[in-house]
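One structure is given below, encoded as structure tokens.
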Amino acid sequence: MRDFSSSEARRIALGAQGFADPRPRGRIDIRHLRRVVDRIGLIQIDSVNVAVRSHYMPLFSRLGPYPMSLLDDAVYGRKELFETWAHEASFVPVKHYPLFRQRMQHAEPWRGIARFAKKYPGYLDAVLEEVRSRGALAASELEDPGSRTGPWWGQGKGKVALEWHFSRGAVCVCERRNFARVYDLTERVLPPEALNGRTPDIDGSQRELLLLSARSHGVGTARDLADYYRLSIPRSRELLRELASEGALREVNVEGWRDPAYLHPEARLPRGVEAQALLTPFDSLIWERDRTERVFDFHYRIEIYVPQKKRRYGYYVMPFLFDEALAARVDLKSDRAKSRLLVKAAYLEEGQDAGRVSEALARELRLMAEWLGLEEVRVGRKGDLASALRSAV
């Protein structure tokens, strides 16, 4: 069994996630998007729009400034990606749709969904029939959408019904209007080749998803690999041992990791990584917080739901990847009314050089502001990197 140092594992992880390659020069098009999506496997969707909606950031982090319409068109125009529950709500390549069909068909009823059906007899079927007969609909466009005092997160009963049909694959998201989902029958949204593709059984689907996860990790523990697509950890351990015994993956040891790891055969070990990237809290490189701490020695928690007085770093904090390290973190906000990207706080990680990090971070912030159509970067005074960053900006 091969041993890897923590530094080697970190470089493998960065390479697998697309950070070992330089950003493209010139115009960025659909081919660049495809390469990133092929590498990371999925993009998590999030509605928070403090700086920019999170799902647009992973492409910027890896490619630099690109037209956001490129992602929208890939999902809702070209139909190369589709929305589904993967890690969380995510964009996933349509070619992988068959791997999620079993999950949809065996979707566990939400807590209370039986009570919902009993309370509103025939309503779930009626909503599906309404979409079938009327075509694509947002929840608010249903004949009986219900008020926003429904049983889940203040949602109306129409939204609950559509989300249930979405989770089990009867309907699919065909567009977004002001970020609200618009639903249509899945067979009217996805291309026939996706719908007619071979559907593996449950274990077969999970095996293939674990292999995709391993490819996107480069190297990872069973917990890492299972978490990527929210798979059963106990069953994933068994399947990973099978995959390793078959030679599809290689079991390895990583310095400082308590659990054995699995190396994908396509994983490469870069000699070095020279990256500069701001990362959304929901970037696939860092969304598993225990792995982030293990790989980067970087303790990270999103503090959106923490009361303001108890926040340590800020409301919407983005880590800054500089070369091979998560070297800093900044609390960002887009002040669209005044056309400014606000750095409300900036913090340097221990052992990092403030001068080098602030210069690199300033370049990335200016690039992000330009991408967002904002005219200025304004740095506040909070945090131990704020002064150096303000001077660099």
Checked 37, 50, 75 against criteria (of a type in the set (Val, Ile, Thr), assigned to a helix (DSSP H, G or I) and surrounded by fewer than 22 Cβ atoms within 10 Å (Cβ to Cβ)); the one match is 37
In the set 317, 330, 295, the lone residue that is touching a Ser or Thr at 6+ places or on another chain (Cβ under 9 Å), of a type in the set (A, V, I, L, M) and in contact (Cβ under 8 Å) with a residue 12 or more places away in the chain is 295
Restricting region 192-231 to residues that are part of a loop (DSSP other than H, G, I, E, B) and modelled with pLDDT of 95 or more, the one farthest from residue 17 (Cα to Cα) turns out to be 231
| Filter result for residue 383 (of a type outside the set (Phe, Trp, Tyr) and open to solvent by 40 Å² or more (accessible area, probe 1.4 Å)) | no
With criteria (1) outside any strand (DSSP E or B); (2) open to solvent by less than 30 Å² (accessible area, probe 1.4 Å), residue 309 comes up short on (2)
Per the list (1) in a helix (DSSP H, G or I); (2) touching a residue at least 12 places away in the same chain (Cβ under 8 Å), residue check on residue 187 breaks on (2)
If we keep only residues of region 319-355 that are hydroxyl-bearing (Ser, Thr, Tyr) and more than 23 Å from the chain's Cα centre (by Cα), then the residue farthest from residue 50 (Cα to Cα) is 347
In region 8-34, residues that are farther than 19 Å from residue 295 by Cα, touching a Lys or Arg at 6+ places or on another chain (Cβ under 8 Å) and crowded, with 19+ Cβ neighbours inside 10 Å total 1
Item checked: Selection status of residue 272, under 30 Å from residue 370 (Cβ atoms), assigned to a loop (DSSP other than H, G, I, E, B) and more than 24 Å from the chain's Cα centre (by Cα) -> yes
Flagged in region 337-365 as in a helix (DSSP H, G or I) and either touching a strand residue (DSSP E or B) at 6+ places or on another chain (Cβ under 6 Å) or open to solvent by less than 30 Å² (accessible area, probe 1.4 Å) (or both), in numbering order, are 354, 357, 358, 360, 361, 362, 364, 365
Going through region 272-292 in order, the residues found to be acidic (Asp, Glu), farther than 24 Å from residue 250 by Cβ and open to solvent by 20 Å² or more (accessible area, probe 1.4 Å) are 274
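Conditions (1) within 30 Å of residue 304 (Cβ to Cβ); (2) open to solvent by less than 30 Å² (accessible area, probe 1.4 Å); (3) touching a residue at least 12 places away in the same chain (Cβ under 8 Å); (4) touching a Phe, Trp or Tyr at 6+ places or on another chain (Cβ under 6 Å), marked per residue:
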{"position": "164", "(1), (2), (3), (4)": "yes, no, yes, no"}
{"position": "197", "(1), (2), (3), (4)": "no, yes, yes, no"}
{"position": "210", "(1), (2), (3), (4)": "no, yes, yes, no"}
{"position": "250", "(1), (2), (3), (4)": "no, no, yes, no"}
{"position": "260", "(1), (2), (3), (4)": "no, no, yes, no"}
{"position": "270", "(1), (2), (3), (4)": "no, yes, yes, no"}
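The values are calculated or read from the model by the stated rules, or taken from the named source; none is laboratory data. Just so you know, these numbers come straight off a predicted model, no measurement behind them. Neighbour counts run over all protein chains shown; Cβ positions are idealised from the backbone, glycine included. The protein model used for the area step is the full one, side chains on, heavy atoms only, and it has no ligands, DNA or RNA in it. Shrake-Rupley method; radii C 1.70, N 1.55, O 1.52, S 1.80 Å.
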